[in-house]
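The values are calculated or read from the model by the stated rules, or taken from the named source; none is laboratory data. None of the values given here were measured: they were computed from a predicted structure. A quick note on method: Cβ atoms are made from the backbone with ideal geometry, for glycine too, and the neighbour counts reach across all protein chains shown. To get the accessible areas, we keep the full protein, side chains included, count just its heavy atoms, and leave off ligands, DNA and RNA. Shrake-Rupley method; radii C 1.70, N 1.55, O 1.52, S 1.80 Å.
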Amino acid sequence: MRTNTTARAIAAAAVLTLALTACNNDEDPMGAPTAPSSESSESTTGEGTTGGSGGAGDAGAAEDDGLAQAMDPSESAEVSFEDDGESTQLEIKPEKTVKGSWGDFKSFDLKGVETEGMVPYYVTMSFTSKGGAEPWIPAWGNEDDALTGPGQPAQGINMLDDFAKCPGVDKNVPSGQFKKGTTDRPCDIFVAPEGKPLYVRWGADIEGQKPLVWKVAG
């Protein structure tokens with residue numbers, strides 16, 4: 001999938017500004033994000049999952065954002081992802097969501113980041129190729145964002161692959177073409193207000209793609 005972590009990080013940053021399109025892309029890839037985090041190694045998906053389906057707030061707005069049809073994190077969805085005229089069949093789902101801590105960022109410059117009353121979540125998505133095109137550096141991992149409610153984008157922090165608790169690059173993916181059966185598990189950092197739910201959405205900016213939405217926390 002990626003020839004190496006550095007190439008993947010550079011390519012990811014070049015393909016899209018970041019893996020957080022709904023976070024207003026106001027993150028600093030050098031570790032100076034604009035949102036807080038809080039770690040307790042508490043998993044909210046997979047084992048001990050608290051995710052569920054359903055939206056929040058105004059039903060019409062939730063419908064527009066896809067929150068009304070939010071899936072449980074244990075559910076996967078299959079899509080056809082097109083890039084440069086080539087199509088790859090993917091199975092996508094949230095692999096794991098961990099509630100973080102601001103103490104995790106003590107080695108990073110968080111100047112300008114709002115942390116009070118906020119919680120960072122480390123969301124690992126899984127993308128499994130079911131066949132089709134086999135790109136060297138796929139762009140599908142850049143198509144996710146997050147919301148805390150209808151019309152309420154969640155902030156994101158871009159650490160690329162420099163943050164051990166949530167590496168933006170899956171170092172276990174073999175170098176070379178992304179072949180059928182291969183799974184990519186990049187991690188994204190999203191920030192949500194304490195006590196509010198977190199929804200991860202994929203494909204909102206892809207023309208003709210109905211966004212896939214999962215409630216992963218709250």
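Exactly one of (1) within 15 Å of residue 125 (Cα to Cα); (2) open to solvent by 50 Å² or more (accessible area, probe 1.4 Å); (3) at pLDDT 95 or above is unmet by residue 49. Its number?
(3)
Taking region 195-206, which residues are surrounded by 21 or more Cβ atoms within 10 Å (Cβ to Cβ) and either farther than 27 Å from residue 218 by Cα or of a type in the set (Gly, Ala, Ser) (or both)? I'd like the intermediate steps shown before the answer.
Restricting attention to region 195-206, the residues satisfying the condition of being surrounded by 21 or more Cβ atoms within 10 Å (Cβ to Cβ) are 197-203.
Correct list: 203 only.
Collect the residues in region 195-218 that are out of contact with any helix residue (DSSP H, G or I) (no Cβ under 7 Å at 6 or more places or on another chain) and part of a loop (DSSP other than H, G, I, E, B), keeping them in residue-number order.
Those that are out of contact with any helix residue (DSSP H, G or I) (no Cβ under 7 Å at 6 or more places or on another chain) and part of a loop (DSSP other than H, G, I, E, B): 195, 196, 197, 203, 206, 207, 208, 209, 210, 211, 218.
Could you figure out which of (1) over 16 Å from residue 71 (Cα atoms); (2) open to solvent by 10 Å² or more (accessible area, probe 1.4 Å) isn't true of residue 211?
(1)
Would you point out the residue of region 71-109, among those that are in a loop (DSSP other than H, G, I, E, B) and under 20 Å from the mean Cα position of the chain (by Cα), that is farthest from residue 133 (Cα to Cα)? Lay out the reasoning, then the answer.
Keep residues of region 71-109 that are in a loop (DSSP other than H, G, I, E, B), which gives 72-76, 84-85, 106-109.
In the following step, the residues that additionally are under 20 Å from the mean Cα position of the chain (by Cα) were identified as 72-76.
Values: 72: 28, 73: 26, 74: 26, 75: 24, 76: 20 Å.
Among them, the one singled out is 72.
Can you report the number of residues in region 113-128 which are open to solvent by 40 Å² or more (accessible area, probe 1.4 Å) and touching a Phe, Trp or Tyr at 6+ places or on another chain (Cβ under 8 Å)?
Of the residues in region 113-128, the ones open to solvent by 40 Å² or more (accessible area, probe 1.4 Å) are 114-117.
Narrowing further to those that are touching a Phe, Trp or Tyr at 6+ places or on another chain (Cβ under 8 Å): 115.
Count: 1.
Going through region 83-112 one residue at a time, which ones are among the basic types (Lys, Arg), under 16 Å from residue 155 (Cβ atoms) and either buried (at least 20 other Cβ atoms within 10 Å of the Cβ) or in contact with a strand residue (DSSP E or B) (Cβ under 9 Å, 6 or more places away or on another chain) (or both)?
99
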